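Right, one structure below, let's go through it.
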């Protein structure tokens, strides 16, 4: 665990790292598929991440985000705080959150757990044009924090997180 007195900039993933969002991903995918159908796109046989890609390709990202974001925001209000949230709360250096969840859900979860004032930047799936494992969201988080990638650490719980860190030139730490 990081020394809380250390001032190294840290970016955290949200779900599975700082909090656990109890999202019913099956229901979210069904609602996203229905939203795409309503927008004239055939989503049959596509999983949730495939639906996001399909929405990006067909210009229906807003429909996808409205459907999935509603599930994430609701889950954020019921989220469980994980141990690394305490590390974040005690940190004295710059802190950011970079997540595959929508930005509003990230902000809601941080507020629920009293972490809003401790976070300098929040970038969600819908904050920039790409999503992890592309490095753009992580680099946007670091830019908003005013720090260079080489000086920062990204903490996450998925291979997407690790790949995004590597591509951005940021050191990576797995959630224990």
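Coordinate-derived values only; no laboratory data. Fair warning: this is a prediction, and the values are worked out from it, not measured in the lab. Cβ coordinates were reconstructed from backbone atoms using ideal geometry, including for glycine residues, and neighbour counts include every protein chain displayed.
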Checked region 128-153 for anything surrounded by 19 or more Cβ atoms within 10 Å (Cβ to Cβ) and under 15 Å from residue 14 (Cα atoms); matches are 131, 132, 133, 137, 138, 141
Have a look at 97, 68 and point out the one that is within 14 Å of the chain's Cα centre (by Cα) and more than 15 Å from residue 12 (Cβ to Cβ).
68
What are the residues in region 76-87 that are surrounded by 22 or more Cβ atoms within 10 Å (Cβ to Cβ) and in contact with a helix residue (DSSP H, G or I) (Cβ under 7 Å, 6 or more places away or on another chain), if any?
76, 79
